[in-house]
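Below is one structure, written out as structure tokens; comments come after it.
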Ligand code: AP5
Ligand code: MG
């Protein structure tokens, strides 16, 4: 968990490689739906482009389908979901039916001024979705992916107006989840201001302590 740009996607990919657990990102699922050009994908994009939450019924059904289809006995890493108390309750209910539960919630913290800079400099690969940053993680060749040599692009919702809305939405709808998981003793806060590797090591230590 964490505000836009804290490094959820970047760190989830590193954890996925290290722990060999599936990575389920609600934002990535929605972007895939949009790329496929389905009517649902177009509806989702209307919300995303403005930085608003996708409606609960759409979000819960898409993410739960991904969660249940992984059938991962050792678990999985969720990134960007749950984002509201309603989603957290839906997740708890679906996991309980599988005799599973959330065992650890990692909340990455970075001051907002740094997040605004990170989002302004973020670049993504149009093919493999690898993430770069013009300041902190530049590609080897200008605007080309190191892994597949395909063009890099900026996310539509990294515009100034959408970023402002995303921060407001995070504050209003997602911050209450810190209390939800904190009161269950399942929340660990991690400083996200270090290098990618420093944050990764801190997250691994946090997971081991769960
Ligand atoms: P989503 O895609 O989840 O966006 P987000 O939460 O706003 O988070 P980001 O993906 O922007 O940031 P991140 O934390 O993953 O950071 P990253 O690793 O890329 O959601 C997008 C939209 O989909 C939402 O606005 C909403 O519309 C919809 N949606 C998604 N989930 C939903 C849900 N559950 N319910 C309803 N709607 C939902 O890193 C950012 C940049 O920083 C990169 O350039 C990276 O290289 C750099 N960076 C990372 N770590 C470091 C570091 N340690 N030091 C320096 N730079 C770093
Ligand atoms: Mg992300």
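The values are calculated or read from the model by the stated rules, or taken from the named source; none is laboratory data. Predicted model, so just to flag it, every value in this text is computed and none were measured. Backbone-built Cβ (ideal geometry, glycine too); neighbour counts: all protein chains shown.
Would you confirm whether or not region 156-169 contains a residue that is exposed (fewer than 15 other Cβ atoms within 10 Å of the Cβ), more than 26 Å from residue 86 (Cα to Cα) and within 17 Å of the chain's Cα centre (by Cα)?
Checked region 156-169: at least one residue is exposed (fewer than 15 other Cβ atoms within 10 Å of the Cβ), more than 26 Å from residue 86 (Cα to Cα) and within 17 Å of the chain's Cα centre (by Cα).
Would you confirm, using the coordinates I've provided, whether residue 10 is surrounded by fewer than 15 Cβ atoms within 10 Å (Cβ to Cβ), touching a residue at least 24 places away in the same chain (Cβ under 8 Å) and part of a helix (DSSP H, G or I)? Don't jump to the end; show me each part of the working.
Values: surrounded by fewer than 15 Cβ atoms within 10 Å (Cβ to Cβ): no; touching a residue at least 24 places away in the same chain (Cβ under 8 Å): yes; part of a helix (DSSP H, G or I): yes.
In short, no.
On the given criteria, is residue 198 within 11 Å of ligand 1 (Cβ to nearest atom) and more than 20 Å from the chain's Cα centre (by Cα)? Write out each step before concluding.
Working: within 11 Å of ligand 1 (Cβ to nearest atom): yes; more than 20 Å from the chain's Cα centre (by Cα): no.
Taking the combined requirement at face value, the residue does not satisfy it.
For residue 83, state whether it is more than 19 Å from residue 3 (Cβ to Cβ) and out of contact with any strand residue (DSSP E or B) (no Cβ under 8 Å at 6 or more places or on another chain).
On the way: more than 19 Å from residue 3 (Cβ to Cβ): no; out of contact with any strand residue (DSSP E or B) (no Cβ under 8 Å at 6 or more places or on another chain): yes.
Spelling it out, it is not the case that residue 83 is more than 19 Å from residue 3 (Cβ to Cβ) and out of contact with any strand residue (DSSP E or B) (no Cβ under 8 Å at 6 or more places or on another chain).
If we scan region 75-83, do we find a residue that is closer than 17 Å to residue 174 by Cα, outside any helix (DSSP H, G or I) and more than 16 Å from ligand 2 (Cβ to nearest atom)?
Restricting attention to region 75-83, the residues satisfying the condition of being closer than 17 Å to residue 174 by Cα are 78-83.
Next, from what is left, pick out any that are outside any helix (DSSP H, G or I): 78-83.
If we keep only those that are more than 16 Å from ligand 2 (Cβ to nearest atom) too, we end up with none.
Looking through region 75-83, none of the residues is closer than 17 Å to residue 174 by Cα, outside any helix (DSSP H, G or I) and more than 16 Å from ligand 2 (Cβ to nearest atom).
Assuming residue 49 fulfils every condition listed in (1) more than 26 Å from residue 106 (Cβ to Cβ); (2) within 16 Å of ligand 2 (Cβ to nearest atom); (3) at pLDDT below 95 apart from one, which condition is it?
(3)
In the set 60, 116, which member is more than 16 Å from ligand 2 (Cβ to nearest atom), touching a residue at least 12 places away in the same chain (Cβ under 8 Å) and in contact with a helix residue (DSSP H, G or I) (Cβ under 7 Å, 6 or more places away or on another chain)? Break it down into steps so the answer makes sense when it comes.
Details: 116 fails: more than 16 Å from ligand 2 (Cβ to nearest atom).
Just a single option satisfies the conditions, and that option is 60.
Considering only region 96-103, I want to know if a residue exists there that is touching a helix residue (DSSP H, G or I) at 6+ places or on another chain (Cβ under 8 Å), closer than 18 Å to residue 81 by Cα and without any contact (Cβ under 8 Å) to a residue 24 or more places away in the chain.
yes
Going by the structure shown, is residue 2 closer than 24 Å to residue 104 by Cα, within 12 Å of ligand 2 (Cβ to nearest atom) and assigned to a helix (DSSP H, G or I)? If you could, list the steps in order and put the result at the bottom.
Working: closer than 24 Å to residue 104 by Cα: yes; within 12 Å of ligand 2 (Cβ to nearest atom): yes; assigned to a helix (DSSP H, G or I): no.
In short, no.
Within the group 19, 42, 68, 15, which residue is more than 9 Å from ligand 1 (Cβ to nearest atom), crowded, with 18+ Cβ neighbours inside 10 Å and either under 20 Å from residue 201 (Cα atoms) or more than 17 Å from the chain's Cα centre (by Cα) (or both)? Before the answer, list the steps.
On the way: 19 fails: crowded, with 18+ Cβ neighbours inside 10 Å; 42 fails: crowded, with 18+ Cβ neighbours inside 10 Å; 68 fails: crowded, with 18+ Cβ neighbours inside 10 Å.
It is 15.
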